[in-house]
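Student: Take a look at the following structure, please.
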Amino acid sequence: MSGSSGTTTVSLTPTNGFTGTVDLNVLAVCAPAGVTTTITPATLVGSGQATVQVQTNGATPAGNILAITGRSGGLLQAAYVQFGCT
């Protein structure tokens, strides 16, 4: 089977004057073996955008979940995105 890939963009929009560094991470949870993810860049300062790429090694049914996290100091925020590739 051939693989599939897709991308999406994550935006960091600061509030209350935040100008710190945010370390980003993405992980495929509730997904079959063979799903890989990357996020570029992995660090944003103050504000900006990062690209999330998902690569599969074959058809992946809908309903899988990506966990995208941002950490700055002791603060952690997470967003969850469903995906599928046919």
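The values are calculated or read from the model by the stated rules, or taken from the named source; none is laboratory data. What you see is a predicted model, and the numbers here were worked out from it, not measured in a lab. Methodologically, a virtual Cβ is constructed for each residue, glycine included, from the backbone with ideal geometry; neighbour enumeration extends over all protein chains shown.
Student: Go through (1) without any contact (Cβ under 8 Å) to a residue 12 or more places away in the chain; (2) part of a strand (DSSP E or B) for Asn16 and report which single condition fails.
Tutor: Looking at each condition in turn, Asn16 falls short on (2).
Student: Something else: Do we have Leu66 as modelled with pLDDT of 95 or more, assigned to a strand (DSSP E or B) and crowded, with 17+ Cβ neighbours inside 10 Å here?
Tutor: Working: modelled with pLDDT of 95 or more: no; assigned to a strand (DSSP E or B): yes; crowded, with 17+ Cβ neighbours inside 10 Å: yes.
In short, no.
Student: Sticking with this one: Filter the stretch 12-35 down to the residues that are in contact with a Ser or Thr (Cβ under 8 Å, 6 or more places away or on another chain) and among the hydroxyl-bearing types (Ser, Thr, Tyr), then identify the one that is farthest from Thr60 (Cα to Cα).
Tutor: Thr21
Student: Return yes when Thr21 is within 15 Å of Leu76 (Cα to Cα) and touching a residue at least 40 places away in the same chain (Cβ under 8 Å) and no when it is not.
Tutor: For Thr21, the condition - within 15 Å of Leu76 (Cα to Cα) and touching a residue at least 40 places away in the same chain (Cβ under 8 Å) - is met.
Student: Then there is this: Report whether or not Asn25 is out of contact with any Cys (no Cβ under 9 Å at 6 or more places or on another chain) and assigned to a loop (DSSP other than H, G, I, E, B).
Tutor: no
Student: When the residues of the stretch 1-13 are narrowed to those that are surrounded by 10 or more Cβ atoms within 10 Å (Cβ to Cβ) and either of a type outside the set (A, V, I, L, M) or part of a loop (DSSP other than H, G, I, E, B) (or both), which ends up modelled with the lowest pLDDT?
Tutor: Filtering the stretch 1-13 for residues that are surrounded by 10 or more Cβ atoms within 10 Å (Cβ to Cβ) and either of a type outside the set (A, V, I, L, M) or part of a loop (DSSP other than H, G, I, E, B) (or both), the one modelled with the lowest pLDDT comes out as Gly3.
Student: Looking at Gln55 and the list (1) in contact (Cβ under 8 Å) with a residue 24 or more places away in the chain; (2) part of a strand (DSSP E or B); (3) of a type outside the set (Phe, Trp, Tyr); (4) exposed (fewer than 15 other Cβ atoms within 10 Å of the Cβ), which single condition is not satisfied?
Tutor: (4)
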